[in-house]
Amino acid sequence: MKPLPYPALHASHSGIWICGTDGISRAIGKGEAIGAVAETPHILLNAPLLGQRLGYPDLSGLDLLELFAFIYPARFVVPTPAGMAKTLGLNVPEQEADVAAFCRAAAAALMEQMEARNWKEREGAWSSAQALYRLRWPWASEVAQKLEKPAQGERWLFSKLEEWEEQPPRPAPKSITLSKQDTLATLSTLTGEGAEDRQGQKSYAAAVAGIFNPRRIKGAPNMLLAEAGTGIGKTLGYLAPASLWSAEAGGAVWISTFTKALQRQLDRETRRIYPDEESFRKKVVVRKGRENYLCLLNLEDALQGGFAGRAAILAHLVARWAAFTKDGDMIGGDLPGWLTTLFRRNGSTALTDRRGECVYAGCPHYRKCFIEKSTRASQQADLVIANHALVMVNAARGREQQNRPTRIIFDEGHHLFDAADSMFAARLSGQEAIEIRRWVIGPESKSRGRRRGLAARLADVASYDDEGGRAIESARHAAEALPTDGWLQRLSEGEEFGPVEALLAEVRTVVFARDESQSADAGYGLETELTEVEGPMIDAVATAAQAMDALLKPLVRLGQRIEHLIEEGPDWMDAQARARMEGALSSLGWRCDTLSGWLSLLSRIGGPADPDFVDWLMIDRFEGREYDIGICRHWLDPTIPVTEVVTKPAHGVMITSATLKGGGEWETARARSGAVHLDHPAQEFEVKSPFNYAEQAKVIIVTDVKRGDMAGLAGAYAQLIEASDGGTLGLFTAIRRLRTVYARIADRMAQSGLPIYAQHVDPIDTGTLVDIFRDDPKASLLGTDALRDGVDVPGDSLRLVVMESVPWPRPNILHRARRLAGGGTAYDDRIIRARLAQAFGRIIRRSDDHGHFVILSSAFPSRLLSAFPVGTPVERMPLEFALREVREASSFNLKRHAERGFTLSRASSLRSRSEGAA
């Protein structure tokens, strides 16, 4: 491999190195490094992260990750030197000083791949390279030299994508009863010959089979609450009866998750059921909300000038990916999570349909649309892997009734309450209102983007139908009463415009007047109860309600008119127009429901409180800056609407989790799943984890780290990570404390040769951070709630979990109301035990895992210890003794690995925090 004629740069907390074109590496200072990269293009690995290390946020150069995304679209690489080396078959650099030279070798290896005959992603590369050359992509000139112009015009993105086809409605499933024998036989097939005989998994699968029996009474589904401890093999345990029922009854089973990580795991596990690729693609479909998928029309706009500068380069790299992706999922699919972060902006937001502006059949790419393709595929699939929010959205809004799930498995069921809380809440805020204004009127700036207002999306209705046209014009005029760009600035200056901005101004005044948190300068959001409101507020509410009603009425008329036109079928309505109107009805219904919810909320202000709801006024802030103001309404018990719109209409439902009871009793599971609202009780099943927690894990409560002592807290984290030799997951209850601890210990960890990464600090998406952490047994990762619940890192990469304090619920207005209704301290304890159980569950994922769970809180209440599995040793001790235990366990693990012939030499060779860039 001939090295490219460019130097390379590497930076970490422990130093900065440059490798010249002569292949010689040397250490340099920050000033020299910044001057060098500003003058000459350098090969880099993750420019945003290196820029953060150098204090030079505008750092740019020849980023290896961008080149990888061009050559291998829809493939993932752990964005570290070790990850890149493993993928390219190169030697992992042994020292920090070797990384810069490695970057030059990696660039040469990637370039060489473009000349290989077996390069699968060649198609479209030449055309894409020409466009990127015109955009001055740093790699363009080198790439162009490796690509020959095709003899014939090559297929590119839009001509390459397959079209979906309409399918007849699926017949109703047959009524059958699964036998235990057949269920266990299917499970045996999935686990494979020679697999460990797990009685708990068999019992679990047999229990799950019961939800597929014929329903006896309408509105009374076969419902199972199942807690299956870690290591039972829960996924295959429910996939066995689900796939068996689908094959024999001819119906679809929806498997709902809360995290994208579990969706990816299910996507892999279901390949055991359908090993043939063609059959798998037909039988298994991953469904997400439309905001997760690439919008081809948005992409076309971006490619044709809607994006400029670096964003335009991102659009072309996404286009390369779109030609090879499995399903067009930009959030958690096969688009590398690090790609959009390389461009210092959330490019996925602009390239997905986040504002409901889809023109459906009016789009020239409608027949190739990833969203439509996924929707139609799910109507014929046997297993639909969705998420809690999507299942609730479809049910609540009455969408896709022909595809409404009747057999549902809610995995990660301990999150069902929180998902429902978000789904069935009402939030009248400036940000929400401005989105509806944009949806009706369209962009009001002078951007080059296409017009996407209601009139543009329904141009044929406006042109050919007088009544529909008048409704559109009335809606457009009424929407002008909603907030527009610059509303926050106007409110802060007392110059609000329009009735809704006037209402938000009153909300802001009331919140600041009643705030008693003494946190005006702390950067946190503010809130106050929606009670005892007076004259100015009441007047503002009435005026705003009139404005919203003036918008709702024409939208309702428009919906009625579209329904009439669809039924009437006038001469000007072709099949494309009909499909577009049918799609527009769904979007209209969504906005009408939102406006109706707002009017319902406003109508109760000044009147008696509704005991089923909790209402409050809020100002959202981040680091002292206001970004939204509004009125919120949440169900006191959000499982009530879930039970009515999701559970009762179904025939069979299971809610399962390793921590469904949250370390408590079945009462917790019944309350947070909504089972208490059913006329007939749900079945309950429990199987304990097969792990020997008494031998494999230990809980340590450190007694001498003072609350509020940030220096002591940071020192404890640093010493624990060093004692464990990395492999540590640090969990925080506040982002500010996480950042403070990270800032204090990052340099120390680098000097110890222990790379450390941090959520909310590193310019890396959370999923990629976990991938980096999993790939490196020496690495440690700091984070908050998302890491407490969504991390699956079996083996040696995770052997110590450290929590900085007891995860008390945030004492806001909503929590206070639920606490009062749920038993006071007992309600808090149920929440805390559930969080502790989830955090502890990160430690032991396999039968040969060992680890410690450390809590840096001397005031940890003994009553919460039931959150941990029975038999788990728990001991209170000073930090000094905790370090000794962790250190001894680390030494034991190294010895154990040596006996198994395992070596950490390559895995632990230089890993600095900069390796995790992406």
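With each pseudo-label sitting 7 Å past Cα toward Cβ, what's the residue 571-residue 189 distance in nm, one decimal?
Going from the residue 571 label point to the residue 189 one covers 5.8 nm.
For residue 38 paired with residue 248, estimate the spin-label separation in nm (one decimal), with each label point 7 Å from Cα along the Cα-to-Cβ line.
So the two model labels end up 7.3 nm from each other.
Given that compact globular proteins tend to follow 2.2 N^0.38 Å, what is the ratio of the alpha-carbon Rg of the stretch 442-635 to that value?
1.22
Any idea what log10 I(q)/I(0) is at q = 0.14, 0.26 Å⁻¹ for the stretch 37-80, Debye with uniform C-alpha scatterers and no solvent?
The computed values of log10 I(q)/I(0) come out as -0.34, -0.91.
Test of understanding: extend the Cα→C-beta vector of residue 176 to 7 Å, then name every residue of the stretch 232-273 with backbone N under 12 Å from that spot.
Correct set: 241-252.
For Cα pairs less than 8 Å apart in space and 6+ apart in sequence, what is the mean separation divided by the residue count of the chain, i.e. the relative contact order in percent?
It comes to 16 percent, rounded to a whole number.
Hey, with R₀ at 25 Å, roughly what FRET efficiency would residue 586 and residue 279 work out to, going by the Cβ-Cβ distance, to 0.05?
Result of the calculation: an efficiency of 0.20.
Which pairs, out of 260/282; 202/288; 661/698; 234/368; 260/373, put more than 28 Å between their alpha-carbon atoms?
The answer is 202/288; 234/368.
Calculate, axis by axis, the spread of Cα positions in the stretch 693-916 along the three principal axes, and write the results as whole Å, longest axis first.
So the three principal-axis extents are 55, 39, 31 Å.
Rounded to the nearest 5, what % of the DSSP beta bridges within the chain are antiparallel ones?
So the antiparallel bridges in the chain amount to around 35 percent.
For an R0 of 51 angstrom, estimate the FRET efficiency from the Cβ-Cβ distance between residue 529 and residue 117 and round to the nearest 0.05.
0.15
What does the extension gain come out to for residue 90 and residue 810, with contour length at 0.36 nm per residue minus their alpha carbon separation?
254.4 nm
Evaluate Rg over Rh across the stretch 811-885, taking Cα atoms for both radii and Kirkwood's formula for Rh.
Looking at the stretch 811-885, the ratio lands at 1.05.
At a Förster distance of 41 Å, what's the computed FRET efficiency of residue 134 paired with residue 167, Cβ-Cβ distance as r, to 0.05?
0.50
Using the alpha carbon gyration tensor of the stretch 630-711, what are the three equivalent-ellipsoid semi-axes (square root of 5 times each eigenvalue), largest first, in whole Å?
Three semi-axes, in Å: 35, 24, 9.
Could you give the length gained on full extension between residue 216 and residue 579, defined as 0.36 nm per residue of separation minus the Cα-Cα distance, in nm?
Extending this stretch completely gives an extra 126.9 nm.
How far apart, in nanometres, would the label points at residue 596 and residue 431 be if each is projected 7 angstrom from Cα along the Cα-to-Cβ direction?
2.6
Please list 3J(HN,Hα) in residue order for the stretch 538-548, calculated via the Karplus relation 6.51 cos²θ - 1.76 cosθ + 1.60 where θ = phi - 60°; whole Hz, with x for glycine and proline.
Once θ is set to phi - 60°, the couplings for the stretch 538-548 become 4, 4, 5, 4, 4, 5, 5, 4, 4, 5, 5 Hz.
Residue by residue through the stretch 602-609, what is 3J(HN,Hα) from phi via Karplus (6.51 cos²θ - 1.76 cosθ + 1.60, θ = phi - 60°)? Round to whole Hz and write x for glycine and proline.
So the Karplus estimates, Gly and Pro as x, are 5, 5, 8, 6, x, x, x, 6 Hz.
Whole-Hz Karplus ³J(HN,Hα) for the stretch 742-756, in order, using 6.51 cos²θ - 1.76 cosθ + 1.60 and θ = phi - 60°, x for Gly and Pro?
4, 4, 6, 10, 4, 5, 4, 5, 5, 5, 7, x, 10, x, 9
I need the Kirkwood Rh of the stretch 412-491: take the reciprocal of the average 1/r across all distinct C-alpha pairs and report it in angstrom. Could the numbers behind the result be given before it?
Working: mean 1/r = 0.0666 Å⁻¹.
Its Kirkwood hydrodynamic radius stands at 15.0 Å.
Please give every one of the aspartates and glutamates within straight-line cross-link reach of residue 160, meaning a C-alpha to C-alpha distance under 12 Å, and leave out same-chain neighbours fewer than 8 residues apart.
Partners found: 123.
Sequence-distant or interchain residues sharing an amide H contact under 5 Å with residue 13, placed H: which?
Distant-sequence amide H within range of residue 13: 913, 914.
For 189, 639, which order do you get if you count the other beta carbons within 10 Å of each Cβ and list the fewest first?
Starting with the residue having the fewest Cβ neighbours, the order is 189, 639.
Can you work out D for the stretch 8-154 in µm² s⁻¹ from Stokes-Einstein, where Rh is the Kirkwood radius over C-alpha pairs, the temperature is 20 °C and the viscosity is 1.002 mPa s? Mind dumping the intermediate values first?
Values: Rh = 16.0 Å.
Once the numbers are plugged in, D ends up at 134 µm²/s.
Per the Cauchy relation, a quarter of the hull surface: what is the mean projected area of the convex hull of the alpha carbons in the chain, in nm²? Provide the component values of the computation, followed by the final result.
Working: hull surface 156.5 nm².
Its average projected convex-hull area is 39.1 nm².
Subtracting the Cα-Cα distance from 0.36 nm times the residue separation, let me have the gained length for residue 152 to residue 704 in nm, one decimal.
Numbers: separation 552, 0.36 × 552 = 198.72 nm, distance 7.32 nm.
Answer, rounded to one decimal: 191.4 nm.
What list do you get for 258, 881 if you sort them by fewest beta carbons within 10 Å?
Ascending Cβ contact count within 10 Å gives the list 881, 258.
Return 531, 656 ranked ascending by Cβ neighbour count within 10 Å, so the fewest neighbours appear first.
531, 656
We did not get these values from a lab; they are worked out from the coordinates using the rules stated. Given the structure is predicted, the values throughout are model-derived calculations rather than measurements. Here Cβ is always computed from backbone atoms with ideal geometry, including for glycine, and neighbour counts include all displayed protein chains.
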